[in-house]
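Read through the structure below, which is laid out as structure tokens, and then see the notes.
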Amino acid sequence: MAARRLSSLLSRSLSVSGSASLLLSRGTTSCHGRSISRFSTASVAEELITPPVQITYTQNLINGQFVDAASGKNFPTYDPRTGEVIAHVAEGDAEDINRAVAAARKAFDEGPWPKMTAYERSRILLRFADLVEKNTEELAALESWNNGKPYEQAAQAELPMLARLFRYYAGWADKIHGLTVPADGDYHVQTLHEPIGVAGQIIPWNFPLLMFAWKVGPALACGNTVVLKTAEQTPLTALYAAKLFHEAGLPPGVLNIVSGFGPTAGAALASHMDVDKLAFTGSTDTGKIVLELAARSNLKPVTLELGGKSPFIVCEDADIDRAVELAHFALFFNQGQCCCAGSRTYVHERIYDEFIEKSKARATRRVVGDPFKKGVEQGPQIDAEQFDKVLRYIRSGIQSNATLECGGDRLGSKGYFIQPTVFSNVQDDMLIAKDEIFGPVQSILKFKDIDDVIRRANTTRYGLAAGVFTRSLDTANTLTRALRAGTIWVNCFDVFDAAIPFGGYKMSGIGREKGIYSLHNYLQVKAVVTPLKKAAWL
């Protein structure tokens, strides 16, 4: 049920109802007191709702205890609705990483976690999932407050998936096993699938809780211990979730959380000689640095989930109204801050003009404002740096002679809100068609035929995802096999299920998250060979 609920909330498979109405059909909570007008500066200028949660956990979690940073330093974390400080968080650096890794190593080498039965580990993961559901409002409020995403999205889509993911991995915990292998000769051969040890994990700011689950879930299910560095923009929910994990019975040192910055805490974790495996989600450029640090230290294996510039292909036979709604969702979901966003919308030339007019109309109807208000589809960008970056790309699009159909500027005078922006007449060599903008900017390009769009869609350094919208099974089959990307959504987009693997081709990453494939990242395979004497059979 949880997977089906999430698919209905996070995808728009042939639905024209719009993201706000579909989310609203799931009900609201008491903190959503007022609805707002659409796409207007007034919507942003209204009085902001006070988030219904207290910030309690701001220290690093090391060896089961919340502690100050070794340096005594703190750093501010902000409310992107206003740019104002909402809390000061312990600023971890190399010494804090050292302490966290030491705790994780001791918990792995000497503690009860890897020596528990797999069933006992699964029960702890299940208890954690139950606690997530009991604390959904608090977690969703923290996620929205610190990140800027709509509360309804966090509470009704992302928190149910958080619980679902950990239940999924709890189910795997006691089903991880090796094989008995036939060999040439009198030998008994078996393989053991062993936990890899101490896993270092670095998560991004766009989906803090879901990325926490994608990383921590498989690592713990396999019996590893974890040192996780949060994004400096969004440290709050991982700390709260870690508290719930200990309430669920997780032994000290198994999960350690350090908040801090990439050049200090992140670099220390990536290059640490006692970390056995590293997982990173973030930009491609940072991923290169992480990979180099891992290689230069102890050659630890690395999983990377990196950037994207995903094509969304609307074929000639498409139902235009449905295609417009789905393409809109594919780009604007989560303020456009999604690595797999359908950020290159390719539309067949015969339906291009009509598609442009309807996409413009849909963007101008988008509800932008305080993410705690009922019916809001789009909150602010994460911070001033991302806000300025998106506006620079919009200016670049205008200077490159793309046609600005709507939007193109900030919304309101406070916080990091940007108007939903649509460009038409976009060419492949423009920066807005090549670079990962990570914001609410839809670039719509025209194509002539299938061969043309395949060639152009694949002409990118990225290969994370793609969308195909067509009524023809033959066309769908042609495109799904020709597009060089890790996930192809056909007549849907952003369908995330715990069992569906996710990862990229080319410079979009290494390895896969979620599903059975994610377990491989956190296991070592050991072959054990024993001679047989007078074997009755071989």
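The values are calculated or read from the model by the stated rules, or taken from the named source; none is laboratory data. Keep in mind it's a predicted model, so treat the numbers as computed, not measured. So basically every Cβ, Gly included, is an ideal-geometry build from the backbone, and we count neighbours across all protein chains shown. With ligands, DNA and RNA removed, areas are computed over all heavy atoms of the protein, side chains included. Shrake-Rupley method; radii C 1.70, N 1.55, O 1.52, S 1.80 Å.
What ³J(HN,Hα) values, in whole Hz, does the Karplus curve 6.51 cos²θ - 1.76 cosθ + 1.60 give for region 71-88 when θ = phi - 60°, with x put for Gly and Pro?
7, x, 7, 10, 9, x, 10, 10, 8, x, 5, 10, x, 8, 5, 10, 6, 10
Give me the angle, in degrees from 0 to 90, between the Cα long axis of helix 208-221 and the longest principal axis of the Cα atoms of the chain, rounded to the nearest 10.
Helix 208-221 sits roughly 20 degrees off the main axis of the chain.
Relative to the longest principal axis of the chain, what angle (0 to 90°, nearest 10) does the C-alpha long axis of helix 118-134 take?
Approximately 30 degrees, to the nearest ten.
So the label point goes 7 Å from the Cα of residue 130 along Cα→C-beta, right? Which residues of region 166-189 then have their backbone N under 17 Å from it?
Answer for region 166-189: 166-171.
Stretched out fully, how many nm does the piece from residue 296 to residue 451 gain, at 0.36 nm a residue minus the Cα gap?
Value of the extension gain: 51.6 nm.
Once both labels are modelled 7 Å past Cα along the beta-carbon direction, what's the residue 461-residue 389 spacing in nm?
1.4 nm
Please give the FRET efficiency for residue 495 paired with residue 536, using the beta carbon to beta carbon distance and R0 = 45 Å, rounded to the nearest 0.05.
0.30
Could you tell me what percent of the accessible area of the chain is made up of carbon and sulfur, with a 1.4 Å probe and every protein chain present? Kindly include the intermediate steps, with their values, before the conclusion.
Numbers: 10570 of 20690 Å².
That share works out to 51 percent.
Any chance you could run the full-extension gain for residue 189 through residue 88? It's 0.36 nm times the residue separation minus the Cα-Cα distance, nm to one decimal.
Working it through step by step, the gained length comes to 30.9 nm.
How much length is gained if the chain between residue 54 and residue 320 is pulled fully straight, taking 0.36 nm per residue apart and subtracting their Cα-Cα distance, in nm to one decimal?
91.2 nm
So, for the chain, what is the accessible surface per residue at a probe of 1.4 Å, expressed in square angstrom?
38 Å²
Modelling each spin label as a point 7 Å along the Cα-to-Cβ direction, I'd like the residue 47/residue 350 distance in nm, to one decimal.
The two pseudo-label positions are separated by 5.6 nm.
Give me the three principal axis extents of region 287-426 from the C-alpha atoms, as integers in angstrom, largest value leading.
Projected onto the principal axes, the Cα atoms of region 287-426 cover 56, 40, 34 Å.
Please determine, in degrees from 0 to 90 and to the nearest 10, the orientation of helix 384-399 with respect to the longest principal axis defined by the Cα atoms of the chain, where the helix direction is its Cα long axis.
So the helix axis and the longest Cα principal axis differ by about 50 degrees.
Under the Karplus relation 6.51 cos²θ - 1.76 cosθ + 1.60, θ = phi - 60°, what is the ordered set of whole-Hz ³J(HN,Hα) values for region 301-309, x standing for Gly and Pro?
Those phi angles translate into x, 10, 9, 10, 10, 10, x, x, 9 Hz.
What whole-number distance in Å separates the alpha-carbon centres of region 351-371 and region 221-287?
39 Å
What value, in deg cm²/dmol to 500, does the helix sum -39500 (n - 2.57) over DSSP H runs of n ≥ 4 give at 222 nm once divided by the residues of the chain?
-11000 deg cm²/dmol
I need the trypsin sites (Lys or Arg not before Pro) found in region 145-243, filtered to DSSP loop residues with at most 16 other beta carbons within 10 Å of theirs. Don't skip to the end; give the middle numbers.
Values: sites: 164, 167, 175, 215, 229, 243; in loops: 175.
The qualifying sites are 175.
Here are some pairs, 243/389; 229/514; 149/288; 229/526; which of them have Cα atoms lying more than 23 Å apart in this structure?
From the list (243/389; 229/514; 149/288; 229/526), the Cα-Cα distance tops 23 Å for 243/389; 149/288; 229/526.
Given R₀ = 35 Å, FRET efficiency for residue 474-residue 181 by Cβ-Cβ distance, to 0.05?
Calculated transfer efficiency: 0.25.
Evaluate the charge dipole of the chain about its Cα centre and quote only its size in Debye, nearest 20, assuming +1 on the Cβ of each Lys and Arg and -1 on the Cβ of each Asp and Glu.
Using Cβ point charges on Lys, Arg, Asp and Glu, the chain gives about 740 debye.
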